[in-house]
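Heads up, the thing below is written out as structure tokens.
The values are calculated or read from the model by the stated rules, or taken from the named source; none is laboratory data. For clarity, every value in this text was computed on a predicted model and none was experimentally measured. Glycine also receives a Cβ, built like all others from the backbone with ideal geometry; neighbour counts cover every protein chain displayed. Just the protein is used for accessible areas: all its heavy atoms, side chains included, with ligands, DNA and RNA removed. Shrake-Rupley method; radii C 1.70, N 1.55, O 1.52, S 1.80 Å.
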Amino acid sequence: MENDMEEKFEDWKGKEAIPGKHGGIRAASIVCVVVMMENIVFIANGFNFVKYFMGSMHYTPATAANMVTNFMGTSFLLTLFGGFIADSFLTHFTTFIVFCCIELMGLILLTFQAHNPKLLPEKDKTPSTLQSAILFTGLYAMAISTGGLKASLPTHGGDQIDRRNPRLISRFFDWLYFSICSGCLLAVTVVLWIEEKKGWIWSFNISVGILATALCIFAVGLPFYRFKRPNGSPLKKIAIVIISAARNGNKSDLDEEMMRGLISIYKNNSHNKLKWIDKATLNKNISETEVEETRTFLCLLPIFGSTIVMSCCVAQLSTFSAQQGMLMNKKFFHSFEIPVPSLTAIPLIFMLLSIPLYEFFGKKISSGNNNRSSSFNLKRIGLGLALSSISMAVSAIIEAKRKHEVVHNNFRISVLWLVFQYLMLSVSDMLTLGGMLEFFYREAPSNMKSISTALGWCSTALGFFLSTTLVEVTNAVTGRLGHQWLGGEDLNKTRLELFYVLLCVLNTLNLLNYIFWAKRY
């Protein structure tokens with residue numbers, strides 16, 4: 001990891017940053033507050049888009065579920081695009097300002113549509129071309145901008161911390177995750193309660209207000225921040241190394257001097273992996289350091305790929321789980337009605353309490369060497385994958401019970417039954433995503449931290465896209481067999497429990513795949 005002696009930081013005027021005046025805990029704390037506010041907007045809208053698409057825009061449950069997973073998936077996938085922009089052209093500060101303004105315009109467009117009945121479809125009719133165009137323009141303006149925000153904020157916050165204090169950097173990422181969970185908790189409790197009482201127009205009004213406030217707070221911190229100027233995209237460097245290695249594949253092996261140069265750069269035996277990439281050093285314009293950085297990044301990809309199916313399971317919380325809750329008894333103590341997405345508050349409270357506990361015992365946990373730390377995070381990810389398989393089995397049992405009671409006894413079971421799958425999937429996501437972010441950050445080369453940590457968000461993105469694909473493939477296959485598992489508008493006539501079983505089987509096979517790669521790492 002590069003330290004502050006090797007990196008040049010500037011203040012907002014382009015002059016050399018002064019330690020104590022620029023950066024530090026104060027500047028990083030502003031980032032944490034903004035992360036929390038941005039997450040309130042994203043989560044509050046993401047969790048309730050299914051209800052909005054079905055109730056106000058009159059889409060079918062399967063279409064609404066796919067629209068949400070596509071939106072969420074695109075948002076997370078575009079973190080790579082946001083990271084590319086920040087690394088290649090803009091500072092992380094400028095990237096946030098630009099993309100936050102884009103998201104604000106998208107939200108304003110959706111708010112305008114919600115306030116104008118002429119821009120909403122009539123009862124029992126699907127949206128017109130104009131109505132759909134407005135909806136998707138606002139929706140994907142949010143998706144594009146979210147990718148930029150989530151890519152720039154963590155790295156901008158990390159830039160404020162002295163690299164010579166790795167413990168402080170770890171604490172920053174702990175509290176950054178605390179801010180993410182706090183934003184989620186406020187979104188699924190306070191904001192969604194207001195939405196339940198006041199309607200969707202208030203949802204958009206609140207989102208616009210919160211995001212505009214976050215933009216102002218972030219901008220106010222300008223005199224306190226320190227900045228790194230863009231120095232080119234690491235993706236371009238990776239591509240050059242891979243292409244060069246491929247072109248030199250048939251040439252003679254490296255001499256002893258080149259091999260000693262490669263081995264001296266990294267002491268963790270990484271030079272024994274992907275030896276074919278060593279041939280890139282035959283190109284005199286490519287250094288041994290660039291080769292080793294590329295090798296290290298490529299070795300992270302199998303771990304990243306093994307988490308996608310788990311993210312597909314988590315995607316069900318904002319789609320089919322939300323639809324289940326809409327058909328269940330939401331009364332609590334005969335008077336208070338529980339908004340379905342607010343069930344997420346239970347695991348979020350658990351996670352918020354766990355972070356201070358982790359901080360309390362953090363010195364003991366982080367006292368080992370890097371290898372021990374890598375092993376700890378790999379086990380943490382594996383535990384999350386195993387828990388997601390169990391959660392899908394439990395989800396199938398609960399859905400079978402819910403449907404049996406409705407169909408045979410005309411009785412709606414309590415929505416609190418969904419707490420089990422919400423709790424297990426949320427804890428699974430915490431273990432896996434949290435483990436990935438820390439693992440990728442620790443293991444990645446110093447100039448690839450942003451692109452490597454973005455892999456955690458990209459896993460979530462591909463999981464949402466995989467969910468969409470699985471729904472369509474499942475309906476196509478089962479439709480040919482006589483009855484679509486997830487077709488139609490009535491969830492009581494679907495075979496959602498069998499879809500959950502399918503996810504359980506796929507995730508279990510994926511767990512075995514992960515164990516294979518984790519042992520080889």
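Numbers at a glance
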| read-out | value |
| --- | --- |
| Only listed residue being under 32 Å from the mean Cα position of the chain (by Cα) and modelled with pLDDT of 70 or more, chosen from T289, T281 | T289 |
| M258, sole failed condition from (1) open to solvent by 20 Å² or more (accessible area, probe 1.4 Å); (2) modelled with pLDDT under 70; (3) within 30 Å of the chain's Cα centre (by Cα) | (3) |
| Helices (runs of 4 or more DSSP H) (entirely within the range 403-521) containing at least 3 residues that are modelled with pLDDT under 85 and within 30 Å of N165 (Cα to Cα) | 419-443, 449-480 |
| Out of V427, V415, V471, sole residue that is more than 22 Å from the chain's Cα centre (by Cα), in contact (Cβ under 8 Å) with a residue 40 or more places away in the chain and crowded, with 18+ Cβ neighbours inside 10 Å | V415 |
| Any hit, the range 149-162, residues being closer than 30 Å to P234 by Cα, over 22 Å from the mean Cα position of the chain (by Cα) and surrounded by fewer than 21 Cβ atoms within 10 Å (Cβ to Cβ) | yes |
| Test result for Q160, closer than 17 Å to M36 by Cβ and in contact (Cβ under 8 Å) with a residue 12 or more places away in the chain | yes |
| Which numbered condition I263 misses (of (1) farther than 30 Å from A64 by Cβ; (2) at pLDDT below 80; (3) open to solvent by less than 60 Å² (accessible area, probe 1.4 Å)) | (3) |
